[in-house]
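Heads up, the thing below is written out as structure tokens.
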Amino acid sequence: MTTTLKLLLIEDDSSMQTALQRALSRRGMEVLPCTDGRQALAQWSAAQPDVVVLDLSLPGLDGLQVLEQARQLGLSTPVLILTARGTVGDRIVGLNTGADDYLPKPFDLDELEARLRALSRRRPASSTESGASPTMVGHLRYEKESGAIYHQGLVLDLTPRELALLLALIAKPGQAVSKERLFELVFPGETDVQYEAVEVVVYRLRKKLVDTGVSLITLRGLGYLLKVDTK
């Protein structure tokens, strides 16, 4: 008897997504669909799946950008890239970015299931099981394995951009992070976005940090840092 496997399916082709969701659900998997690259990171962090199936051609962020940001955020879920872009060069780039396996389209469903179950068995133990300590900043707790940030036992409700910015600051406790560096992490590869867009994300994140014991401080000419409230 196979165990239920929680699968995050990031695929923008509606017909492919529907077909895979139905087929894999019949094989005992809990399939969570996602069609947009920007939404994928938030859903990935919140759902904590056993394995991720990732298409490379996505709206918003492409699959490689999603994968790169997920790994930067500490999301260590095994990833299988499923795409029509099946050249050796594409496979090497995907694997070097952090993918665990690669299956080009068209594919055999039995092989896909076997690969997914094999990947799920590689998933690292949770921080509690492995003995790894979460990162604490004030009353905020960052669990690296899940990629989520908790306040009073609840996951902090953040957009992918807010999460990327907050994690960049958590990684440098007590140190200022420049606006330029935050821009690279929050808006990777987006040439049509101005640096001032970081300020919008900072403004929204600052509001969400009220009553968490942590404040987001602006240092003129230096950037931003997290300060633990002493009250």
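Structure notes:
- Looking across the stretch 44-54, the residues that are open to solvent by 10 Å² or more (accessible area, probe 1.4 Å) and either under 22 Å from GLU113 (Cβ atoms) or β-branched (Val, Ile, Thr) (or both) come down to ALA47, GLN48, ASP50.
- Count - residues of the stretch 181-199 that are among the charged types (D, E, K, R) and closer than 11 Å to TYR224 by Cα: 2
- Filter pass, ALA176 being at pLDDT below 85, surrounded by 13 or more Cβ atoms within 10 Å (Cβ to Cβ) and under 23 Å from MET136 (Cβ atoms): no
- Taking the stretch 13-39 as the range and being touching a Pro at 6+ places or on another chain (Cβ under 8 Å) and open to solvent by less than 70 Å² (accessible area, probe 1.4 Å) as the test, the residues that pass are GLN17, GLN21, LEU32, THR35, ASP36, GLY37.
- Checking LEU225 against (1) over 15 Å from ARG161 (Cβ atoms); (2) open to solvent by 100 Å² or more (accessible area, probe 1.4 Å), the condition it does not meet: (2)
- Scanning the stretch 181-209 for residues that are open to solvent by 90 Å² or more (accessible area, probe 1.4 Å) and either over 19 Å from LEU158 (Cβ atoms) or not hydroxyl-bearing (Ser, Thr, Tyr) (or both) yields ARG181, GLU184, THR191, ASP192, GLN194, TYR195, GLU196, ARG204, LYS207.
- Number of the condition not met by LEU185 [criteria: (1) of a type in the set (A, V, I, L, M); (2) free of Cβ contacts under 8 Å to residues at least 40 places away in the same chain; (3) under 20 Å from GLN69 (Cα atoms)]: (2)
The values are calculated or read from the model by the stated rules, or taken from the named source; none is laboratory data. No experiment lies behind these values; they were computed from the predicted model shown. For neighbour counting, all protein chains shown are included, and Cβ atoms are generated from backbone atoms with ideal geometry for every residue, glycine included. These area figures cover heavy atoms from the full protein model, side chains too; ligands, DNA and RNA do not enter into them. Shrake-Rupley method; radii C 1.70, N 1.55, O 1.52, S 1.80 Å.
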